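Readers should treat all values here as calculations from the given coordinates under stated rules, not as data from a laboratory. Not measured: the values here are computed from a predicted model. With ideal geometry, Cβ positions are generated from the backbone for all residues, glycine too; neighbour counts draw on all protein chains shown.
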Amino acid sequence: MGDVTRILERLRGGEPEAAGRLFDLCYAELRGLAGGVFRSQKKDHTLSPTALVHEAYLKMTGAEGEWKDRVHFFAVAARAMRQVLINHARDKGALKRGGPGGMRVTISDAVAPDGREADLVAVHEALEDLQHLDERQARIAELKFFGGLENQEIAEALGVSLRTVELDWKMAKETLAGKLGGS
């Protein structure tokens, strides 16, 4: 059992210091994930990777009792980061594609082999559309884009086989590539 899982058990057991220890232990990894999202951002962006981590963690605190283990914690973190980014983009008036201040993200090479960027709201909308077609495929894409999870970790988080994740990811990539103009 890893350190994160042990701390999560203490948190569920009501240990008050556990939440602080959890944040300290996971901060570097969460910051790394957030930093990845911001690599394609303008230098004068009004939301920093540090602010994203802090806002996402605050959003997550309502779900403390639900975190089962490290993988589940990072899956919840991926969802929280996505929500914070979308809310920030909307607050900045970026609902119209290409609008001033619109956040852009680098799409996975698997979806856009040229490594191009896409509007964050467009990615969000493509994931929403995919969710209507296949919820698990959308969740897999979210965990890859916003959580940085590997296929085996996604399989654990979703309670499915590695092969299921690989097949669903292949289909999700094709769907998203089409929606984002990558095919």
Worksheet entry | Pair Glu9, Lys68: separation of 7 Å Cα→Cβ label points (nm) | 1.6 nm
Fill in: In nm, spacing of pseudo-spin labels at Glu125 and Gln83 (7 Å Cα→C-beta vector)
2.3 nm
Worksheet entry | Stretchable slack from Ala28 to Arg90, in nm (0.36 nm times residue separation minus alpha-carbon distance) | 19.6 nm
Worksheet, complete the sentence: With 0.36 nm assigned to each residue of separation and the Cα-Cα distance removed, Asp134 to Glu150 gains 3.8 nm
Discussion item. How charged is the neighbourhood of Arg10? Take every other residue with its Cβ under 9 Å from the Cβ of Arg10, and add Lys/Arg as +1 and Asp/Glu as -1.
Written reply: 0
Discussion item. Report, in listed order, any pair from Lys59/Lys92; Lys92/Lys170; Lys59/Lys144; Lys68/Lys144 with a Cα-Cα distance greater than 25 Å.
Written reply: Lys92/Lys170
Worksheet item: For segment 129-179, what's the relative contact order in percent, using C-alpha pairs closer than 8 Å and at least 6 residues apart?
Response: 40 percent
